[in-house]
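Visitor: Here it is, the structure in full.
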Amino acid sequence: MAIIKVAGAALNQIPIHWHHNLTNIEHAIKMAKSEGVKILCLPELCLTGYGCEDLFLSEWLPQKAVSLISIIAPFTQDIAVTIGLPIRLNGFIYNCAVVLKNESVIGISAKQFLAKDGVHYEPRWFNSWNAGEVINFHINGKNVKFGDLTYDLFGVKVGFEICEDAWHPDRPANRLVEKNVQLILNPSASHFAFGKSHTREKLIVESSGQYQCYYIYANLLGNEAGRMIYDGEIVIAGHGKILQYNNKLSFKDVNIISLEIDANNSSPISDISKFSKEDKFNIFTQAESLALFDYMRKSHTKGFVLSLSGGADSSSCAILVAEMIRRSILELGVELCLKKLHLTALVEKCKSINEREISNFIVHNILHCAYQGTKNSSLETLKSAEELAQEIGAKFDHWNIDEEVNSYSDKIKKILKRPLSWDKDDLAMQNIQARARSPIIWMLANIKNSLLMVTSNRSEGDVGYATMDGDTSGSIAPIAAVDKYFIIKWLKWAEKELNYSSLSLVNNLNPTAELRPPDKNQTDEDDLMPYHIIVEIEKLAIKERLSPVEIFNILNNQTLEKAEVLKVYIKKFFRLWSRNQWKRERTAPAFHLDDFNVDPRTWCRFPILSSGYSDELDELDNV
């Protein structure tokens, strides 16, 4: 059979949620069979979930996964399906794709190259399989081949590259082409990052041309385990042409695309000849919306609580919750959206509400915002917070915390036997205001069984511009992986393109913590440095890992600032970065969105104690 229908499926899985994961796998197989598909590629580790972390090292988890293959097998009559799972063999654990066909396991392919950079820690859990090695393996009462295999599936010669395999110079495809493989399957668990989709599509298309074959890529979908977001991308390419891809970042648990190919013909039947387009602001909004949606439903919480200051960061968090609801309703419909969020009690009430007001009604039931003012807060930020909450439908309260601040301050005065002053105690007097806001907003979140949102951004994480146990208090930090300069630009886009008119207020405010008295005219950039400078320094210091002198030489050539001013900014960045690693160690879970971040539990590890680049900064002085 040369002409055959093939497919890839994206699945939104949950680590060790066997019923959920099996249901999605079975649903994907049924969808594929209904479309006449003969070969179906499912994502990497789709049976267990990719994010099982050190559970992969246990004895029981791989055993459990293998035992569940017998439940999936009966669904594979007249179709070949790949199932991703870990397999323990002779004390070692391998990341594998089990191939099922006609209700039976016909072989098991093992991953040869493990992802170990950035957010990846696969060598901690898995072992690499040797190219060309094949052994016998006993599974479900049957001996099958295990290792580096090719398959004859309905007359098509098929081979595997499992995610990272395709990105390595000595990739399996180099050997598969020598075996005249006509179709390569790539089950993946590739996290979302800005621009990554285009890079993937380019690799897949070029691979199909270089190896003169058809190529199917199928990725995981959604916020699977808390921090990583998977875009659920599915791509089918053939002989150097892109044939089909799906809409990414779907709220549906199962996505599938299928296509008829002629495996013996190098001229594909279908050709769309274009890559998918990405608008960075829109895809950020969609990725955040899906991540928040999954985090809420998978944590079985009732919604979100937000200390809404009227500034850029907290306003962006509020808008993202509103977009989460608006976009999920648009794709799923009201009833399915509410069912997924465990809010079925609202379904009947929504039936009597005007369609245009349903989103606001649901937001009102899941997002509670509070403006916590002090004598240093302004009427402008209160108005900004109140009007934004009103526009999106969120519950809104405001109260003053001066009484709490004064209570703490009075106690310290007695201990120190002196008054507090802005000249001597500036930082402590700022911090106690931010910290005094935490207990009551936490109490509200606890009572409502809701997630408390942390509003810190990546720029603040770089330099520790946040009060520990104050504005860093919370359950989830949605924007901690993007810089403040991006947030400012995104809010202006959201005002215009998403039609949130209330954002005109926040977009006309100068970012400020409002922790010093009004006559001090405090602004974030005066406290730190211009945000666009932080972006340039962090990219070179954190992502590229360059030294202070190297960074100065690069940025000085760009004439961003006068040389001496630039030196001051670079020195300040590195000193604050080094001093505040302990804060980054304690931040709430954050979504990985860019191609780097400063979360030590995902991308960037740095010692809590160090010299603080003392020698390197001395070198900078001498440049």
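Visitor: With every protein chain left in place, what is the accessible area per residue of region 202-289 in square angstrom, probe 1.4 Å?
Guide: 35 Å²
Visitor: Could you size up the charge dipole of region 561-623 around its Cα centre, putting +1 on the beta carbon of Lys and Arg and -1 on that of Asp and Glu, and report it in debye to the nearest 20?
Guide: 400 debye
Visitor: Calculate what fraction, in whole %, of the accessible area of region 501-623 sits on carbon and sulfur atoms when a 1.4 Å probe is rolled over the protein chains.
Guide: Summing carbon and sulfur atoms, their accessible area is 48 percent of the total for region 501-623.
Visitor: Additional query: Would you please classify the overall shape of region 112-193 from the alpha carbon gyration tensor, given that a ≥ b ≥ c denote the square roots of the eigenvalues, rounded means a/c under 1.5, and beyond that prolate means a/b larger than b/c while oblate covers the rest?
Guide: oblate
Visitor: So which of Lys157/Lys241; Lys5/Lys101; Lys375/Lys496 end up more than 25 Å apart by C-alpha?
Guide: Lys375/Lys496, as the Cα separations exceed 25 Å there.
Visitor: Continuing with this model, one more query. Quick one: divide the alpha-carbon radius of gyration of region 105-158 by 2.2 N^0.38 Å and tell me what you get.
Guide: Region 105-158 yields a ratio of 1.37.
Visitor: Find the eigenvalues of the gyration tensor of the Cα atoms of region 167-272, then list the square roots of 5 times those eigenvalues as equivalent ellipsoid semi-axes, largest first, in whole angstrom.
Guide: 25, 16, 11
Visitor: Also: Could you bin all the Cα-Cα distances of the chain into 20 Å bins starting at 0 and give me the percent of pairs in each, rounded to whole numbers?
Guide: Over the chain, the share of Cα pairs per 20 Å bin runs 18, 46, 29, 6, 0 percent.
Visitor: How large, in percent, is the carbon and sulfur part of the accessible surface of region 276-417 at a probe radius of 1.4 Å?
Guide: Answer for region 276-417: carbon and sulfur cover 52 percent of the accessible area.
Visitor: OK, next. Taking the DSSP beta bridges in the chain as the whole, what percent of them are antiparallel, to the nearest 5?
Guide: Counting DSSP beta bridges with both partners in the chain, the antiparallel share is about 60 percent.
Visitor: A further question follows. Note down the relative contact order for the chain as a percent, whole number, built from C-alpha pairs under 8 angstrom at least six residues apart.
Guide: 11 percent
Visitor: Something else now. Find the relative contact order for region 502-623 and round it to a whole percent, using C-alpha pairs within less than 8 Å whose residues are 6+ positions apart.
Guide: Once divided by the residue count of region 502-623, the mean separation gives 22 percent.
Visitor: Averaging sequence separations of C-alpha pairs under 8 Å and six or more residues apart, then dividing by the length of region 401-554, give the relative contact order as a whole percent.
Guide: 16 percent
Visitor: Accessible area per residue of region 340-414 at 1.4 Å probe, in Å²?
Guide: 57 Å²
Visitor: What is the helix-to-structure angle for 563-579, meaning the angle in degrees between its Cα long axis and the longest Cα principal axis of the chain, kept from 0 to 90 and rounded to the nearest 10?
Guide: 70 degrees
Visitor: Separate question: What do the square roots of 5 times the Cα gyration tensor eigenvalues come to for region 481-623, in whole Å, largest first, as semi-axes of the equivalent ellipsoid?
Guide: Those come to 28, 20, 16 Å.
Visitor: Nearest 500 deg cm²/dmol is fine: what mean residue ellipticity at 222 nm does the chain get from its DSSP H runs of n ≥ 4 alone, each adding -39,500 (n - 2.57), divided by its residue count?
Guide: When only DSSP H runs of four or more count, the value is -11500 deg cm²/dmol.
Visitor: Quick check: the angle from helix 18-34's long axis to the longest principal axis of the chain, C-alpha only, nearest 10 degrees?
Guide: Relative to the chain, helix 18-34 is tipped by roughly 50 degrees.
Visitor: Quick one: pull the percent of accessible area on region 107-150 belonging to carbon and sulfur, 1.4 Å probe, ligands and nucleic acids left out.
Guide: That fraction is 44 percent.
Visitor: When each pair of different Cα atoms in region 393-454 is counted once in the 1/r mean, what is the Kirkwood radius in angstroms, to one decimal?
Guide: Taking the inverse mean of 1/r over all distinct Cα pairs, region 393-454 comes out at 13.6 Å.
Visitor: Return the inverse of the average 1/r over all pairs of distinct C-alpha atoms in region 185-225, which is the Kirkwood hydrodynamic radius, in Å to one decimal.
Guide: Taking the inverse mean of 1/r over all distinct Cα pairs, region 185-225 comes out at 11.3 Å.
Visitor: Could you give me D for region 1-135, from Stokes-Einstein at 20 °C and 1.002 mPa s, where the hydrodynamic radius is the Kirkwood radius over C-alpha pairs? Units µm² s⁻¹, please.
Guide: It comes out at roughly 140 µm²/s.
Visitor: In the P(r) worked out for region 256-321, what percent of Cα pairs fall beyond 18 Å?
Guide: Tail of the P(r) past 18 Å holds 62 percent of the pairs.
Visitor: A further question follows. What angle do you read, to the nearest 10 degrees and between 0 and 90, between the alpha-carbon axis of helix 379-392 and the longest principal axis of the chain?
Guide: Approximately 30 degrees, to the nearest 10.
Visitor: Still on this model: What are the trypsin sites (Lys or Arg not before Pro) within region 45-126 that DSSP puts in a loop, where the Cβ has at most 14 other Cβ atoms within 10 Å?
Guide: Answer in residue order: Lys116.
Visitor: If you filter region 469-519 for GluC sites (Glu not before Pro), then keep DSSP loop positions with at most 11 other Cβ within 10 Å, what is left?
Guide: Taking region 469-519 and a limit of 11 other Cβ atoms within 10 Å, no loop GluC sites (Glu not before Pro) are found.
Visitor: May I have the pair-distance distribution P(r) for region 244-358, computed from all Cα-Cα distances with 5 Å bins from 0 and rounded to whole percent?
Guide: 2, 9, 15, 18, 16, 13, 9, 6, 5, 3, 2, 1, 0
Visitor: Report D for region 87-128 in µm² per second (integer): Stokes-Einstein, Kirkwood Rh on Cα pairs, 37 °C, 0.692 mPa s.
Guide: Approximately 284 µm²/s, per Stokes-Einstein.
Visitor: Radius of gyration and Dmax for region 347-465's Cα atoms, expressed in Å?
Guide: Reported Rg and Dmax, both Å: 18.6, 63.
Visitor: Identify all lysines with a Cα-Cα distance to Lys562 below 30 Å; exclude those on the same chain that are fewer than 8 residues away in sequence.
Guide: Qualifying lysines at Cα under 30 Å: Lys484, Lys489, Lys492, Lys520, Lys539, Lys543, Lys571, Lys572.
Visitor: Just for the Cα atoms in region 408-545, what are the lengths along the principal axes, largest first, rounded to whole Å?
Guide: 54, 38, 34
Visitor: Add +1 for every Lys or Arg and -1 for every Asp or Glu among the other residues with Cβ under 15 Å from the Cβ of Glu357, and state the total.
Guide: +2
Visitor: Can you tell me which lysines have their Cα less than 18 Å from the Cα of Lys351? Leave out same-chain residues fewer than eight positions away.
Guide: Cα-Cα hits under 18 Å: Lys339, Lys340.
Visitor: For region 392-457, what number of Lys pairs, 8 or more residues apart or on separate chains, have alpha-carbon atoms under 20 Å from each other?
Guide: Total qualifying Lys-Lys pairs in region 392-457 comes to 4.
Visitor: Now for a separate question. So what's the projected area for region 65-165, the Cα convex hull averaged over all directions, in nm²?
Guide: Value for region 65-165: 6.7 nm².
Visitor: Also: Could you pull out the GluC sites (Glu not before Pro) across region 22-75 that fall in loop regions by DSSP (anything but H, G, I, E, B) with no more than 15 other Cβ atoms inside 10 Å?
Guide: The qualifying sites are Glu35, Glu59.
Visitor: At 1.4 Å probe radius, can you tell me the per residue accessible area of region 47-159 in Å²?
Guide: 39 Å²
The values are calculated or read from the model by the stated rules, or taken from the named source; none is laboratory data. This structure is a prediction, so every number in the text was calculated from the model and none was measured. Neighbour counts run over all protein chains shown; Cβ positions are idealised from the backbone, glycine included. Calculation scope for accessible area: heavy atoms of the full protein, side chains included, ligands and nucleic acids excluded. Shrake-Rupley method; radii C 1.70, N 1.55, O 1.52, S 1.80 Å.
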